[in-house]
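Values in this text are rule-based calculations from the coordinates and carry no lab data. Being a predicted model, the structure only gives us computed values, none of them experimental. Note that each Cβ is placed from the backbone with ideal geometry, even for glycine, and that neighbours are counted across all protein chains shown.
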Amino acid sequence: MRTTFKTLLLALPLLVAGFSASASDSAAGRWRTIDDETGRVKSIVEITQAANGTLSGRVLQVLQSAQGPNPVCSKCEGTNKDKPIQGMTILWNLRPDGTNKWANGTILDPAKGKTYSSKVALIENGSKLEVSGCIAFICRSQTWLRDQ
């Protein structure tokens, strides 16, 4: 009995390490978006992964906005026009594209009201997410930080 207990105690840290390693293999979770121009945290985005492996992300909280509290997407067109940015889906249809990479999706920049072709990749053991948005061959990238 005592040997079984000691074995369980020794195995527990390995079990916990296994769970934490596998959690970082997915882009699903909460992310702090970092403005690539100012370096400041702008918002918290929650990324979810559908059963088919595609990713989508919505803004949970706006932390920094030139419009002040409760900003709206005034430059957006269509159904997002003048809608609150908080709660808005800004990332969708990203499909798996290799290990810890997703591509061929779309990202919305609410500040500019424009959509871009998008891809994301987990870096630094899943603690950061490299997010790119492109029009033709012109791309912009941001590095988002996992929100613990």
For the pair residue 52 and residue 132, how long in nm is the line joining their label points, each one 7 Å along Cα→Cβ? 2.4 nm
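Between residue 75 and residue 40, what length in nm is gained on full extension when 0.36 nm per residue of separation is reduced by their alpha carbon distance? Before the final figure, lay out each step's value.
Values: separation 35, 0.36 × 35 = 12.60 nm, distance 2.17 nm.
Fully extending the segment from residue 75 to residue 40 adds 10.4 nm.
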Total charge of the residues flanking residue 41 in space, meaning their Cβ is under 14 Å from its Cβ, with Lys and Arg +1 and Asp and Glu -1, is +2
Computed over segment 27-146, the convex hull of the Cα set has an average projected area, in nm², of 7.3 nm²
Cut-off under 21 Å on the C-alpha distance; same-chain residues fewer than 8 positions from residue 112 excluded. Which lysines are left, in chain and number order? 42, 75, 81, 83
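Hey, got the dipole for segment 27-146? About the Cα centre, +1 on K and R Cβ, -1 on D and E Cβ, debye to the nearest 20?
On the way: 16 positive and 10 negative charges, 21 e Å.
For segment 27-146, the charge dipole is close to 100 debye.
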